[in-house]
Amino acid sequence: MTVRTVVTCAVPPVALTLWLLSLRHVHVGRMGDLGLLQVLPVLFWVALGLLTLGFVVTLHADRLSRVWPAVYVVSLIAIIHATPSILYPTLRYSWAWKHVDVVDALLRNGGAVPHPGWLDIYNQWPGFFAANGLVLRLTGLPSAMGYAHWATPVVNVLMIGPLLLLYRSLTRQRKLIWGAVWIFFSCSWIGQDYFAPQTFDFLLYVTLIGLVVKQLTSPGPPRWRLPLLGMVVLMETVLVSSHQLTPLMLIVTLTALSVPRRNRRTVLPVLASAVVLQAVWFATAARPYIAANLGSFIKALTSPDSNAPTWLTGLGTPAAGQILLAWIDRGLSAAVLLLAVVALVRRRWTRHTVLPWLALAPLPMPALNSYGGEMIFRAFMFALPATAMLTATLVVRVRQPGMPRIRPPGWLRVAATYVLLLGFLGGLVFGYYGKEQMEYFTAKEASATSYLDRVVPTGSTIVSVTNNIPNIDNQYELHSRVVIAWNSVQNRRLLISSPLAGLEEAVALDAPPGPVYLILNRGQTAECYITGVLPADTVSRLETAVDHSRIFAPVYRNSDAVVYVLVDRSNPALQPRPGQSKPSQQQPQQGGR
């Protein structure tokens, strides 16, 4: 047994042991500007660096094992993506809580949820939630919360299958295949891998593209077998019914793949079915949403400069660390795209594959719509399976037919590969862990919303500064929401200058008759601090003002959250003034970081 073989076999268990040991004394409550990066101990980074070193040694071996590359990739997924699941006492990320609540609401109502408010969009794209409802009925589980906590590491492991399907359709070189898989997971900083419709649809998207590419590269006449084509159409149906963006990305990508004449017999049937299914869905189930937003879609098309990402803009100042994080994220994205371009120039054989079309197809999408300021990041995400493979061709030199035998790489090339892969992981952890201060919730915060669930009568209104609250949308069809951060600029500025007056105006103009509750929690404070959507002290100043008012009374309080009830709805401050218009709720798009 050679030294290289010993290293290959020993590194994963050693790295995983070091990783688990490193998590014993992590205090997530001490997170600051850069989230988990500030509280993870040195041993965690040693484990990640050691695992990367072992993978590089394995990748440059004379013969690549069939098992160990998969072991390394799964170990990488465990270290990166299972860490929050292990450390956090509750479900990570407010949108994941929201999606659990939607599943529960669909089951509770036996279908479309009545009076859904701003969550009506989920009635029009219910595929993901209906699928989870079916899982709950078959398994007898009381809620999706039972598995949503571990959805992120599981989804990433599941993604290995579609990636292998795609990459094995392009090359038989296992080193190149596993190098591309590793780079994909090392650069996927967007964080769209939690319990969400987009996550589910992205899995389907990569699987569908992999099936199409496999059909394009298979020997024999380009013809779909009817059972396989039927499965593809079924997957497209699920995809179209689950999310707004992914079907459009699929159509754009299939259109790009159909540009070469030789591909059309294979691609056009899949493209035609996707277009027909999308058109039918828009004309039927999603018609209310399309009709309500058609004007904004047209405006986005005619002013593409307005679609630039704006998540760091608000009435407050983002945390200093978030500015650094934004530059690193964009630097990682730019580096991957630049390396993909270099690969197309240096590795001529890649130009004769579908990789250029897969990489370029999503990139114009930010000019068409902002998708809540996130479209540029989603375009990178959809291009990543192709750009990861292109980048891998620079890292792993493989012998193509007709080429002379390639000499084993020297230590300098191995060291350069190690530094590059470490650089990718460095960019990833900034993007993936850097906002964790606002994305994790304490057990005390969850207790506050559990209290609300028990005491809030049907028809009540729940008010908050932002929407970064765990489980706040439980039984959302039974009450209304007022989120001041979504209101007009005038209302938000009033909240900043005079917190109690801003709250009173929001209640006066946006809360229907009935009981009113106000909830403030650590997560809202963290969101204001991290993103700058409002000044960092907005929540604490409002809490102080409400404590000194006679209009609201505290009914629940712990160190991380407080709940108030409105006790004097007749107060003149809560009555709309003549000529005063209702604040405009600027509600976000479905899901995303």
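Based on this model, can you work out whether residue 527 counts as open to solvent by 30 Å² or more (accessible area, probe 1.4 Å) and under 20 Å from residue 96 (Cβ atoms)?
yes
Does residue 553 satisfy being more than 24 Å from the chain's Cα centre (by Cα), over 26 Å from residue 314 (Cα atoms) and either small (Gly, Ala, Ser) or modelled with pLDDT under 95 (or both)?
Yes, satisfied.
Can you tell me how many residues in segment 476-524 are among the β-branched types (Val, Ile, Thr), closer than 26 Å to residue 323 by Cα and surrounded by fewer than 23 Cβ atoms within 10 Å (Cβ to Cβ)?
As a first pass, look at segment 476-524 and keep what is among the β-branched types (Val, Ile, Thr): 482-484, 489, 496, 507, 516, 519.
Right, trim to closer than 26 Å to residue 323 by Cα and you get 483-484, 489, 496.
The next check asks that each one be surrounded by fewer than 23 Cβ atoms within 10 Å (Cβ to Cβ); those that pass are 489, 496.
So the count comes out to 2.
Residue-wise test of (1) open to solvent by less than 10 Å² (accessible area, probe 1.4 Å); (2) of a type in the set (Phe, Trp, Tyr).
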{"site": "9", "(1), (2)": "no, no"}
{"site": "12", "(1), (2)": "yes, no"}
{"site": "16", "(1), (2)": "no, no"}
{"site": "26", "(1), (2)": "no, no"}
{"site": "68", "(1), (2)": "no, yes"}
{"site": "73", "(1), (2)": "yes, no"}
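Quickly run through segment 183-220 and pick out the residues that are among the polar types (S, T, N, Q) and either touching a His at 6+ places or on another chain (Cβ under 9 Å) or open to solvent by 10 Å² or more (accessible area, probe 1.4 Å) (or both). Outline the logic, then answer.
In the first step, residues of segment 183-220 are kept if they are among the polar types (S, T, N, Q); the result is 186, 188, 192, 198-199, 207, 215, 217-218.
Hits for segment 183-220 are 188, 192, 198, 207, 215, 217, 218.
(1) crowded, with 17+ Cβ neighbours inside 10 Å; (2) farther than 19 Å from residue 390 by Cα; (3) charged (D, E, K, R): which one isn't true of residue 175, the others all being true?
Failing condition for residue 175: (2).
Only residues that are at pLDDT 95 or above, surrounded by 12 or more Cβ atoms within 10 Å (Cβ to Cβ) and small (Gly, Ala, Ser): list them for segment 273-313, please.
Once the filter is applied, which keeps residues that are at pLDDT 95 or above, surrounded by 12 or more Cβ atoms within 10 Å (Cβ to Cβ) and small (Gly, Ala, Ser), segment 273-313 yields 273, 274.
Take the residues in segment 100-146 that are assigned to a helix (DSSP H, G or I), over 16 Å from residue 474 (Cβ atoms) and free of Cβ contacts under 8 Å to residues at least 12 places away in the same chain, then tell me which one is most open to solvent (accessible area, probe 1.4 Å).
Of everything passing the filter in segment 100-146, 138 is most open to solvent (accessible area, probe 1.4 Å).
Report the residue count in segment 29-54 for those that are touching a residue at least 24 places away in the same chain (Cβ under 8 Å) and in contact with a Gly (Cβ under 9 Å, 6 or more places away or on another chain).
Within segment 29-54, residues that are touching a residue at least 24 places away in the same chain (Cβ under 8 Å) and in contact with a Gly (Cβ under 9 Å, 6 or more places away or on another chain) number 6.
Quick check on segment 416-438. Is at least one of its residues in contact with a Pro (Cβ under 6 Å, 6 or more places away or on another chain), at pLDDT 95 or above and either assigned to a helix (DSSP H, G or I) or over 29 Å from residue 315 (Cα atoms) (or both)?
Checked against the condition, which is being in contact with a Pro (Cβ under 6 Å, 6 or more places away or on another chain), at pLDDT 95 or above and either assigned to a helix (DSSP H, G or I) or over 29 Å from residue 315 (Cα atoms) (or both), segment 416-438 yields no hits at all.
Keeping to segment 521-546, report how many residues are of a type in the set (Asp, Glu) and part of a loop (DSSP other than H, G, I, E, B).
Matching residues across segment 521-546 total 1.
In the list 2, 58, which residue meets the criterion of being open to solvent by less than 30 Å² (accessible area, probe 1.4 Å) and among the polar types (S, T, N, Q)?
Of the residues listed, the single one that is open to solvent by less than 30 Å² (accessible area, probe 1.4 Å) and among the polar types (S, T, N, Q) is 58.
Here's the yes/no breakdown for (1) surrounded by fewer than 21 Cβ atoms within 10 Å (Cβ to Cβ); (2) touching a Pro at 6+ places or on another chain (Cβ under 6 Å); (3) closer than 21 Å to residue 274 by Cβ; (4) touching a residue at least 24 places away in the same chain (Cβ under 8 Å):
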{"position": "152", "(1), (2), (3), (4)": "no, no, no, yes"}
{"position": "157", "(1), (2), (3), (4)": "yes, no, no, yes"}
{"position": "181", "(1), (2), (3), (4)": "no, no, no, yes"}
{"position": "222", "(1), (2), (3), (4)": "yes, no, yes, yes"}
{"position": "236", "(1), (2), (3), (4)": "no, no, yes, yes"}
{"position": "253", "(1), (2), (3), (4)": "no, no, yes, yes"}
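Scan segment 334-383 residue by residue and report those that are without any contact (Cβ under 8 Å) to a residue 60 or more places away in the chain, farther than 18 Å from residue 187 by Cβ and either touching a Pro at 6+ places or on another chain (Cβ under 6 Å) or assigned to a helix (DSSP H, G or I) (or both).
Within segment 334-383, 345, 346, 348, 349, 351, 352, 356 qualify.
Which condition number does residue 454 fail, the rest of (1) under 20 Å from residue 178 (Cβ atoms); (2) in a helix (DSSP H, G or I); (3) modelled with pLDDT under 95 being met?
Looking at each condition in turn, residue 454 falls short on (1).
Enumerate the pairs (first residue in segment 191-213 and closer than 17 Å to residue 269 by Cβ; second residue anywhere and open to solvent by 10 Å² or more (accessible area, probe 1.4 Å) and not in a helix (DSSP H, G or I)) with beta-carbon separation below 8 Å, excluding pairs fewer than 6 apart on the same chain, so at least 6 apart or on different chains.
Short answer, once both residue conditions are applied: 210/169; 213/169; 213/170; 213/354.
Can you tell which of 442, 458 is touching an Asp or Glu at 6+ places or on another chain (Cβ under 9 Å) and of a type in the set (Ser, Thr, Tyr)? First the steps, then the outcome.
Numbers: 458 fails: touching an Asp or Glu at 6+ places or on another chain (Cβ under 9 Å).
After ruling out the rest, the residue left standing is 442.
For segment 386-407, what are the residues that are modelled with pLDDT under 80 and either among the acidic types (Asp, Glu) or surrounded by 10 or more Cβ atoms within 10 Å (Cβ to Cβ) (or both)?
Selection gives 397, 398, 399, 400, 403, 406.
Counting only residues that are aliphatic (A, V, I, L, M) and open to solvent by less than 10 Å² (accessible area, probe 1.4 Å), how many does segment 530-580 have?
The number of residues fulfilling the criteria is 9.
Within segment 499-516, count every residue that is out of contact with any helix residue (DSSP H, G or I) (no Cβ under 9 Å at 6 or more places or on another chain) and assigned to a helix (DSSP H, G or I). Give the steps one after another, and end with the answer.
Residues of segment 499-516 that are out of contact with any helix residue (DSSP H, G or I) (no Cβ under 9 Å at 6 or more places or on another chain), as a first pass: 512-515.
In the following step, the residues that additionally are assigned to a helix (DSSP H, G or I) were identified as none.
Total satisfying the criteria: 0.
The values are calculated or read from the model by the stated rules, or taken from the named source; none is laboratory data. Predicted, not measured: the structure shown is a model, and the values here were computed from it. Don't worry about glycine lacking a Cβ; one is built from the backbone with ideal geometry, like all the others, and counts go over all protein chains shown. Heads up: the accessible areas ignore ligands, DNA and RNA and are worked out on the full protein's heavy atoms, side chains in. Shrake-Rupley method; radii C 1.70, N 1.55, O 1.52, S 1.80 Å.
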